[in-house]
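Novice: Below are the structure tokens for one structure; questions will follow.
The values are calculated or read from the model by the stated rules, or taken from the named source; none is laboratory data. Quick caveat, the model's predicted, so the values are computed rather than measured. Methodologically, a virtual Cβ is constructed for each residue, glycine included, from the backbone with ideal geometry; neighbour enumeration extends over all protein chains shown. The accessibility values were calculated without ligands, DNA or RNA, using every heavy atom of the protein model including side chains. Shrake-Rupley method; radii C 1.70, N 1.55, O 1.52, S 1.80 Å.
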Amino acid sequence: MRKRTLMGLALLTAATLGAAVLAPFDWLSQPAPKPTGEPAEIAAVRDALTRYDSLETHAHVQGQPASLPVLRRRVDRAWAAFQSSRYSILGSQLPRLLTATQQAVKEQDGDGRLQASGLLAETYQLGAIMLLKLGDSNSAWVAADRGMLAAEQAEDRLVIASAARILAYAFIDAGHFGRAKDLTVAAAGALEADLSSGSPAHLSLYGALLQKGAMAAAYQGDRITSRALLGEADTIARRLGGDANHWFTAFGPTNVNVHRVSAAVVLGDGGAAVQHARSVHPVQLPVLERRAQYLVDVARGYGQWHKDEEALRALLTAEQLAPEEVRYQPAARTLVAHLLHRERAGRNADLRALAERVGAVA
């Protein structure tokens with residue numbers, strides 16, 4: 001029955017929903033103000049993505065390749081940097097980690113190469129989501145696509161599911177919402193056969209894919225499919241038994257509710273976003289990045305509702321919790337710029353200072 005439900009959801013289109021379709025709130029689609037200069041983290045990761053050692057006249061000579069257990073620990077540390085919104089640290093780690101995991105794939109064979117391909121896939125995923133956070137969509141697409149290719153070479157369905165989730169994120173950022181929804185539904189369907197006996201990681205990736213599909217549907221203006229996918233994700237989260245961070249998904253009942261907030265914002269319903277937020281206890285989220293993102297989305301909901309003081313308080317709380325989440329994220333800069341535009345008197349020193357910190361001052 002779940003499979004039939006997912007197939008039905010994949011076939012839903014905006015054309016068949018009539019009055020249920022609502023265009024996304026107008027200023028959500030506006031480009032974020034460009035910060036002064038480009039973060040060094042973006043340039044470093046982009047350089048790593050566009051380096052082809054086989055074509056270099058003076059290719060860098062590698063030393064002894066790192067062992068797979070050492071690489072596993074390094075990838076775990078990189079995930080920890082991302083999930084604590086420490087993008088400057090992650091940006092400094094990723095170029096060397098990409099080189100090391102690429103070398104491991106070349107040096108290993110048999111099962112070792114499969115494991116190395118999985119680590120390379122995760123490294124590309126980390127590069128993609130960091131670049132998406134920092135607003136470099138083109139480079140993120142490259143990283144996400146390479147992550148999917150490396151995942152397929154790893155021949156591990158959980159690695160593939162994780163890569164599909166990040167690739168869908170890149171599709172959404174590029175405006176390919178239908179493609180993102182189809183990808184997540186297909187990837188979730190590939191996990192269904194063993195769902196009844198699946199591990200916590202299996203359940204978490206399945207639920208995380210449904211969440212990403214729900215966001216893609218919301219961007220299409222398809223609230224019915226978005227709500228249905230989040231409902232299915234909630235069922236899986238409750239079966240999981242609580243909030244966790246298996247396979248670095250931060251998946252659980254609280255994260256499902258956080259995605260309800262995000263989907264309402266995308267659908268332009270700030271009041272619903274704030275209402276959903278009242279059922280969220282962010283301290284239960286096991287990942288700092290998720291807590292900060294939740295606060296940014298709450299701020300966006302208040303902004304849509306023209307409750308600008310509340311929006312500013314939520315942004316300042318998010319910045320205090322994870323400064324780089326607010327200062328680097330395009331969505332936060334967009335909101336700050338709109339709050340600043342609406343603050344006609346120009347006497348809100350906190351708003352003006354925040355705008356200067358995130359680069360949203362005209």
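Novice: So how much accessible area does Asp111 have, in Å² to the nearest 10, using a 1.4 Å probe?
Specialist: 110 Å²
Novice: Explain nothing, just compute: Karplus ³J(HN,Hα) = 6.51 cos²θ - 1.76 cosθ + 1.60, θ = phi - 60°, for every residue of the range 321-332 in order, whole Hz, x for Gly and Pro.
Specialist: 6, 8, x, 6, 5, 8, 6, 9, 7, x, 4, 5
Novice: Set Lys and Arg Cβ to +1 and Asp and Glu Cβ to -1, take the dipole of the range 224-362 about its Cα centre, and tell me which of Leu340, Ala292, Asn257 lies farthest positive.
Specialist: Checking the options against the dipole of the range 224-362, the answer is Leu340.
Novice: Label the range 164-212 by shape, choosing from rounded, prolate and oblate, from the square roots a ≥ b ≥ c of the eigenvalues of the Cα gyration tensor; if a/c is under 1.5 it is rounded, and otherwise prolate applies when a/b is larger than b/c, oblate when it is not.
Specialist: Judged from the Cα gyration tensor, the range 164-212 comes out prolate (a/c at least 1.5, a/b above b/c).
Novice: Top mean-square fluctuation among Ala264, Ala233, Ala190, Gaussian network model of the chain, C-alpha springs under 10 Å?
Specialist: Result: Ala190 has the largest fluctuation of those listed.
Novice: Now for a different question. Per the 1.4 Å probe, what fraction of the accessible area of the chain, in percent, lies on carbon and sulfur atoms?
Specialist: Here carbon and sulfur together make up 52 percent of the probe-accessible area.
Novice: Can you list the HN-Hα couplings for the range 93-109, worked out from phi with the Karplus curve (6.51, -1.76, 1.60; θ = phi - 60°), rounded to whole Hz and with x for Gly and Pro?
Specialist: Per-residue couplings from phi come out as 7, 5, x, 5, 5, 4, 4, 5, 6, 4, 5, 4, 4, 5, 7, 8, 9 Hz.
Novice: Taking amide H atoms as placed 1.01 Å from N in the peptide plane, list the residues 5 or more away in sequence, or in a different chain, whose amide H sits under 5 Å from that of Ser85.
Specialist: Close amide H contacts, sequence-distant or interchain: Glu289.
Novice: With every protein chain left in place, what is the accessible area per residue of the chain in square angstrom, probe 1.4 Å?
Specialist: Result: 44 Å² of accessible area for each residue.
Novice: For Ser67, tell me the accessible area in Å² from a 1.4 Å probe, rounded to the nearest 10.
Specialist: Near enough 50 Å² of accessible area.
Novice: Then there's this: Using Cα positions and a limit of under 15 Å, work out the aspartates and glutamates in reach of Lys212, with same-chain residues fewer than 8 apart set aside.
Specialist: Those aspartates and glutamates meeting the cut-off are Asp173, Asp182, Asp222, Glu232, Asp234.
Novice: Restricting to DSSP H runs of at least four residues, report the calculated mean residue ellipticity at 222 nm for the chain, -39500 (n - 2.57) per run over all residues, nearest 500 deg cm²/dmol.
Specialist: On the way: 17 runs with 250 residues, N = 362.
Result for the chain, helices only: -22500 deg cm²/dmol.
Novice: Only Lys, Arg, Asp and Glu count, each charged at its Cβ (+1, +1, -1, -1), so figure out the dipole size of the range 232-362 about its Cα centre, rounded to 20 debye.
Specialist: 160 debye
Novice: Which aspartates and glutamates, on any chain, are close to Lys307 with Cα under 12 Å apart, when same-chain ones fewer than 8 places away are left out?
Specialist: Straight-line reach from Lys307, under 12 Å: Glu343.
Novice: Now for a separate question. Run the numbers on the range 245-362 and let me know its relative contact order in percent, using alpha-carbon pairs under 8 Å that are six or more apart.
Specialist: Relative contact order of the range 245-362: 19 percent.
Novice: Moving to a separate point now. For the range 185-198, take each phi angle, set θ = phi - 60°, evaluate the Karplus expression 6.51 cos²θ - 1.76 cosθ + 1.60, and give the result in whole Hz per residue in order, putting x for glycine and proline.
Specialist: Whole-Hz 3J(HN,Hα) from phi for the range 185-198: 5, 5, 5, 5, x, 5, 9, 5, 4, 10, 5, 5, 10, x.
Novice: At 1.4 Å probe size, what's the solvent-accessible area of Ile224? Round to the nearest 10 Å².
Specialist: Only protein atoms counted, so the area is about 70 Å².
Novice: May I pose another question? Using a 1.4 angstrom probe on the protein heavy atoms only, could you order Tyr294, Tyr169 from most to least accessible area?
Specialist: Tyr169, Tyr294
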